[in-house]
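Everything below concerns the one structure shown next.
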Ligand SMILES: [Zn+2]
């Protein structure tokens, strides 16, 4: 049995900056050919990256009743950072087909609290809370946890299906006199952070105490008290000196935001696309995590 499916091919052309061009084309596929709900790359039509430009040119004029509309801006932006391709069903619901064959919804249509977004996120939820920059301020809104929403399928497809796969992709990065292991995709950004930190330490050696003993980088584990993977399991997070850290789970009684990490260190990481756990109501102030999409206006603007 055949059904009409709309396939959208997201094209990323990098010249001096990445420029995305998107075009939709229609395609008849049998139900048996439809992408599976979870990873089975063999049954999934291959992403036509080599011929994508030609496809787009040939089909860009398709429109009218069959035009499924443009790829949601945030979804197109996520594809630029993480890969995969946008697909849309006959009802107009968009999903991301990941390079490993997994398909995750862009918008499941549910309205959620932040805790619900964290527990059961769609891709849109990952971008829903704007990550703030600038002066460090106490976080008093329980909903304010920007960066704690993670669609695990996206990270698995991007960084490795399991701990062994992630471990194979780790490389050495020198940071503040240490050598740490970091995912090769995120390592260039961490190296740039390290250069910024080196400059800070030269100007103010007292900042060394924040890097005396690092809390660590890659560690295949769940987030404390949950069954969700920590960003450390993907090799994209680093904890700086634990003795200077504050963590919401250690708060006695009511959660009251605390922080001892200076703004200069936070800025060094944020400038290279790392979110900081000190911007969260559920704070974790030694924690920095590479999440470039949250610093990309195209991803976070509605
Ligand atoms: Zn951490």
Query raised in the report: Which number in (1) closer than 17 Å to residue 142 by Cβ; (2) within 11 Å of the ligand (Cβ to nearest atom); (3) touching a residue at least 60 places away in the same chain (Cβ under 8 Å) marks the one condition that residue 278 misses?
Result: (2)
Report task. Only one of these is under 22 Å from residue 295 (Cβ atoms) and surrounded by fewer than 13 Cβ atoms within 10 Å (Cβ to Cβ): 157, 128, 199. Name it. Result -> 199
Query raised in the report: Out of the residues in the range 218-235 that are modelled with pLDDT of 90 or more and farther than 22 Å from residue 120 by Cβ, which is surrounded by the fewest Cβ atoms within 10 Å (Cβ to Cβ)?
Result: 219
Query raised in the report: Within the range 83-97, which residues are in contact (Cβ under 8 Å) with a residue 60 or more places away in the chain, buried (at least 21 other Cβ atoms within 10 Å of the Cβ) and under 15 Å from the mean Cα position of the chain (by Cα)?
Result: 84
Query - Selected residue [more than 15 Å from the chain's Cα centre (by Cα), within 14 Å of the ligand (Cβ to nearest atom), crowded, with 18+ Cβ neighbours inside 10 Å and farther than 23 Å from residue 122 by Cβ] from 193, 180 - result: 180
Query - Criterion (within 27 Å of residue 130 (Cβ to Cβ) and either surrounded by 15 or more Cβ atoms within 10 Å (Cβ to Cβ) or away from the ligand (no atom under 16 Å from the Cβ) (or both)) met by exactly one of 298, 252, 260, 209 - result: 298
Report summary line: Counted residues in the range 163-188 being farther than 25 Å from residue 285 by Cβ, in a loop (DSSP other than H, G, I, E, B) and without any contact (Cβ under 8 Å) to a residue 40 or more places away in the chain come to 1
Report summary line: residue 155 passes all but one of the listed conditions (1) assigned to a loop (DSSP other than H, G, I, E, B); (2) assigned by TED's automatic domain parsing to the domain that holds residue 264; the exception is number (1)
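The values are calculated or read from the model by the stated rules, or taken from the named source; none is laboratory data. Note that the structure is a prediction, hence the values are computed from the model and not measured. All Cβ positions, glycine included, derive from the backbone under ideal geometry; neighbour counts span all protein chains shown.
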